[in-house]
Amino acid sequence: QVQLVESGGGLVQPGGSLRLSCAASGTIFSIYAMAWYRQAPGKQRELVATITSGGSTNYADSVKDRFTISRDNAKSTVYLQMNSLRPQDTAVYYCKAQIVTFDSTTSRAYWGQGTQVTVSS
C-alpha cells in the first residue's frame with residue numbers, strides 16, 4: 001500500500017557532505033510528521049531529526065548545526081542534508097513517516113528500507 005524509498009547514501013570522506021532523500025508512494029491520503037533515524041553497528045536505532053507537516057524541525061544534539069531536514073509535500077519526499085560529516089555519523093539511515101491511507105481513519109508509522117552512509121578516509 002505504502003512504500004518509503006531512500007536514496008543518496010554512500011561513502012564520503014570526513015568533512016564531506018551527502019544529501020539523503022526519502023520518497024513516499026502508494027495510497028496516501030495525508031502525511032504528518034516525517035523523520036530520519038540511524039543505526040550504527042552494535043548500537044540501537046536513534047532519532048536524528050524530525051519535521052512536522054508545517055515545517056517545524058527538531059534535531060539530535062549530535063547533528064545540530066551540521067544536518068538539515070526538509071520536505072517537499074507536493075512530492076511526498078523528505079530530505080536530510082548532511083554537512084561536516086564525521087566517522088561517528090557512519091550508520092544505516094532510515095526514514096519514517098506518519099501516514100494516513102485512503103482506507104484508514106488513523107495514521108500509522110511507515111519505515112524505509114535504509115541507506116548506508118559511511119564516513120571514512
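The values are calculated or read from the model by the stated rules, or taken from the named source; none is laboratory data. Values in this document were obtained by computation on a predicted structure and should not be read as measured data. Here Cβ is always computed from backbone atoms with ideal geometry, including for glycine, and neighbour counts include all displayed protein chains. Surface accessibility is based on the protein's heavy atoms, side chains included, excluding ligands, DNA and RNA. Shrake-Rupley method; radii C 1.70, N 1.55, O 1.52, S 1.80 Å.
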Reference-scaled alpha-carbon Rg (2.2 N^0.38 Å with N residues) for the chain: 1.04
Proximal lysines to Lys43, defined as alpha-carbon separation beneath 29 angstrom and excluding residues fewer than eight positions away on the same chain: Lys64, Lys96
Dimensionless Rg/Rh of segment 1-60 - Kirkwood Rh, Rg from C-alpha atoms: 1.00
Solvent-accessible area per residue, Å², over the chain with all protein chains present [probe radius 1.4 Å]: 53 Å²
Accessible surface of the chain [probe 1.4 Å, protein heavy atoms]: carbon and sulfur percent: 47 percent
Approximate spin-label separation Thr57-Phe102, in nm, with each point projected 7 Å along Cα-to-Cβ: 3.3 nm
Relative contact order %, segment 1-114, counting alpha carbon pairs below 8 Å whose residues are six or more apart: 34 percent
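Quick check: net charge around Met34, other residues with Cβ under 10 Å of its Cβ, Lys/Arg +1 and Asp/Glu -1?
Residues close to Met34 contribute a combined charge of +2.
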